[in-house]
Amino acid sequence: MTSQPRSFYIIDTFSLIFQVFHALPEMTSPQGQPTNAVYGVTRDLITILRDRKPDWLIAAMDVRGENKRNEIYTEYKTNRSAMPEELVPQIAMIEELLAGFGVPALGIPGWEADDVIATLVEMVADQDVEVTVITSDKDIRQLLSPKVRLYNFRKNQYLDEADLMKDWGVRPEQVVDFQALVGDSIDNVPGVPLVGPKKASALIEKFGTLEDILAHADEAPGAKLRENLKTFADQARVSKTLVTLRRDLPLEVDWDAARAGQLQLPVLQEFFQQCGFRRFIDEIKTLAPEAAAPAPPPAVERSWKLIDDADKFSEFLAQLEQQTQFCVDLETTGLDAVRADIVGWAFSWDGAEGFYLPVQAPDGQATLDADEVRDALRPILENPEIEVCNQNIKYDMLVLRRAGIELRGVGVDSMVGSYLLDAGARSHGLDELARRYLQHEMIPISELIGKGKSQIKISEVDVDKVGEYAAEDAQIAWQLTQRITAELKREELWDLYWDLERPLISILTDMEFRGIRIDVELLKSLSVEFTERLQTIEAEIYEEAGHEFNIASTKQLAVVLFEELGLPVIKKTKTGASTDQEVLEKLALQHSLPAKLTEFRQLSKLKSTYVDALPEMVNPDTGRIHASFNQVVAATGRLSSSDPNLQNIPIRTDAGRRIRQAFIPGEPGWKLLCADYSQVELRMLAHFSQDPALLAAFERGDDIHTAVAAEVFHVAPEAVDSDMRRIAKAVNFGVIYGQSPYGLAVNLGISQAEASDFIEGYFSRYEGVDKFLRKLLERCSQNGYATTIRGRRREIRGIRSGLGRQRNLPERTAINTVIQGSAADLIKQAMIQTHQRIQQEQHSGVMLLQIHDELVFEVPETDLGSLSELVREEMESALNLDVPLKVDLSVGNTWLDVEKLD
């Protein structure tokens, strides 16, 4: 090194990887690969380069090879658990990431990253270099010096010599003596029994080095301590050897390559696209502005016109009437579409020119008459031969419906089209799509209305500002629809959009606009009842604990469960023993308090999320709640709901079921009709696998769980008991997605050997299922994506070769995409056919909700028979499968009190 850098950062790579892996929730790429650790390391690398601006940056790695320390002590690190399954495929991705950032990754077989770090620190010891080691590993503390400090990313804390003295009461050169005495349970460094941190620092302060302490063992305070220092002296010496880092490894460092900031921008951009980390693409451009970036598409010169008087409106209307396709985008008084009024209309039909028609504006600024504009535009918008497009057009359709216009010619919705092209993308919003496809930054709404307490209404903003903003929305949405149309056709997804997703937009608009009535008085009485029950449970919890405590405090709860009651710690988090739901369910087998805690949590959540929240969501104009149904959230293709999320109302508990009782028909003399596909995923499995036994069971109309139990247990169907059926059901819904014998054993409360035998018995009897799953994964590995029955795709990477039956996350995702995604295709097709038939026959029945595999209708009781027949016919003929589709119909006065129809 000839130059003298100001700062040298060394990353303890696996320390950082494990921190971010456990700190971040599960994340997947558009291809279904786990990516949370990759995301976290990316974020931290950007932070280092942007905020710390080091001169040098190197990543120290652990590499494969027999650990040299095991030659000294065979038990070293033997109690380390295996790397989490979802982290394994991310290691290679992180190595690729480091290369893209231009960060050398250094390691030597047989030695640990800590030794590499120590050697690097030694190599610059005589240079004018300030070293920062990014780590949470306490072994690295022995490297501290006036020029070396440690940094913990998660805690945002530096640690230097003074901090070390405060924490351990020792100097850096005494760290190895301290650790030799205390030991390390994580790395299985034995240390000396009964010597904790306080005793170790006191011994070091009094006697000095480890050898001095051992030489003066007779002078140590306490008979047992004196005995242990003598008995375990050699063990302490071995421990010191284990924790002492090597500073002389034969490392070859290319210091020019280690200069920070040498990003390979095109490589990183492609990498982030594959991972779905699109927000990082712009961030890295600021780190390497001189790097060559792909040329953006030619910019469209955009202009816009304000249409604010009768003459301009007449001229605009004449142009609009000549168009067969255009984009319309509405500015409104709020985000709740069924309560919002129109502030202004924006149009574009070439992406270059936009128009804004204000009907509300600040006092003194010109506007058009709202009713005249609406009435003039109605025949155009209600013409089914004219294609109207936009981003998230369902919102505009709901606002128009409130204004008395039914948009009939739905064209391309760029949001839905983007979802079909890349279902795993984190966002399909207009801002993101403008960046992705057009390299264009949209005007932020905050520039118009501000933020927080100073925020104003859009109708209070200067009309010229609103016009520019609204016209841009329409112009960009138009450009996106053209680009996405071309991509859908190129990727052979056009038919899926045009024939399935596009008609569904209008159906969802009808459902959301109609809404569903709820019994507010019932919910109020439930709230009182739930409150009383919660108070009772709370008192019972305090009685069993022996004292009051904050039930919502995980720390206080952990003290009660694990210290006071002595229950076993099931799993740990970075903050201590976990008290999550999974832990409480396991502990409930040993003590009644965890069961009461579970009931308390569940009831509290139901009360706040539904019982108390639903009445607040009732639209005062309609007396109904109007949930949103979302097409672009679930990567499998299933619809989701929000405001409220009706799909998460639990139906396995009495309290959850009673919430369904509050959903009622909207008119006197009407009924709710529920139509639910029976075992649709297993029917899809039978169709795809062509397994003879499964096909035959469905053809006969057997109860499939009983049939599977009979086959695997080798008994007659009538001899299948409830336990046999329960096991078969668990396998039917779990093992096909790769559930392990351990997982099945835990779920069913049986031995792992029994679970393993049952899984083997299942696949030996249903060989067609086993072959299908293997072929599915092989095909997905070859193509890079999984495909549903209607051609929906999801990119997936990380399928392994030489497959066993225990699946990793990408493999489970692939199977889930095919099975659940095909079920999603089915229910959507059923909705389209049923809706069209209701319209054709001008039937009085109305579709209200779609929840998983269930459709909910309301209908006059006099027309119940004809609607039941219509729904069953259309749902059971929605797709042509090699097994019969079966729909269970039930009817009642509430969503709970429905009785099955024959």
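Read-outs: derived from the displayed coordinates by stated rules, not from any lab. This structure is a prediction, so every number in the text was calculated from the model and none was measured. Don't worry about glycine lacking a Cβ; one is built from the backbone with ideal geometry, like all the others, and counts go over all protein chains shown.
Tabulated data
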quantity	calculated
Highest average packing first - 389-395, 561-567, Cβ atoms within 10 Å	389-395, 561-567
Ascending count of other beta-carbon atoms within 10 Å, so fewest first, for 332, 47	47, 332
Approximate spin-label separation residue 303-residue 876, in nm, with each point projected 7 Å along Cα-to-Cβ	6.3
Against the rule of thumb 2.2 N^0.38 Å, how large the Cα Rg of region 620-767 comes out	1.34
Nearest 10 degrees, 0 to 90: helix 310-320 Cα axis against the chain principal axis	80
Fully extended contour minus Cα-Cα distance, from residue 50 to residue 595, at 0.36 nm per residue	191.3 nm
Folded to 0 to 90 degrees: helix 113-123 orientation relative to the chain principal axis, Cα	60
Cα-centre dipole for the chain with unit charges at Cβ (Lys and Arg positive, Asp and Glu negative), debye to 20	2180
Segments 858-870, 469-481 sorted - mean Cβ within 10 Å per residue, highest first	469-481, 858-870
Shape call, region 467-566: gyration tensor on alpha carbons, a/c limit 1.5	prolate
Lys, Arg +1 and Asp, Glu -1 on Cβ, resulting dipole of region 518-625 about Cα centre, debye, nearest 20	540
Label selected from (i) 216; (ii) 259; (iii) 199, the criterion being volume of the Cα convex hull per residue in Å³ as computed here	(i)
Most positive-pole-ward Cα, 520, 534, 597, against dipole of region 518-625 from beta carbon charges	597
Relative contact order %, the chain, counting alpha carbon pairs below 8 Å whose residues are six or more apart	10
Antiparallel DSSP beta bridges within the chain, as percent of all bridges there, nearest 5	65
Per-pair calculated FRET efficiency, R0 = 60 Å: residue 747 and residue 325 via Cβ, rounded to 0.05	0.70
Relative contact order (%) - criterion: Cα under 8 Å, at least six apart; region: region 137-210	24
Computed [θ] at 222 nm, deg cm²/dmol, the chain (DSSP H ≥ 4; -39,500 (n - 2.57); rounded to nearest 500)	-14000 deg cm²/dmol
Order by protection proxy (mean Cβ within 10 Å, highest first), peptides 266-277, 159-170	266-277, 159-170
Point-to-point label distance, residue 254-residue 726, nm (Cα→Cβ direction, 7 Å offset)	6.2
Gain upon complete extension [residue 612, residue 861; 0.36 nm per residue less C-alpha separation]	86.6 nm
In nm, spacing of pseudo-spin labels at residue 22 and residue 223 (7 Å Cα→C-beta vector)	4.0
Cα gyration tensor shape for region 219-356, rounded if a/c is under 1.5, else prolate or oblate	prolate
DSSP-defined beta bridges in region 42-185 - what % are antiparallel, rounded to 5	40
Flagged links, alpha-carbon separation over 19 Å, of 671/828; 199/240; 166/224; 489/828; 524/605; 571/607	671/828; 166/224; 489/828; 571/607
Selection of chymotrypsin sites (Phe, Trp or Tyr not before Pro), region 651-749, meeting DSSP coil and at most 12 other Cβ within 10 Å	none
Nearest-0.05 FRET efficiency for residue 757 and residue 156, computed from C-beta distance (R0 41 Å)	0.20
Average Cα contact separation per residue, region 7-163, under 8 Å, 6 or more apart, as relative contact order %	29
Partner lysines for residue 312 [C-alpha distance under 29 Å; skip if fewer than 8 residues away on the same chain]	394, 457, 465
Model label zone, residue 127; criterion: amide N under 15 Å from point 7 Å along Cα-to-beta-carbon; scope region 88-105	104
Label-zone membership for region 630-673, site residue 837, 7 angstrom Cα→C-beta point, backbone N under 20 Å	671-673
Extension gain (nm, one decimal) between residue 336 and residue 778, 0.36 nm per residue minus Cα-Cα	154.6 nm
Rounded, prolate or oblate (a/c below 1.5 giving rounded, otherwise prolate when a/b exceeds b/c) for region 94-246 by Cα gyration tensor	prolate
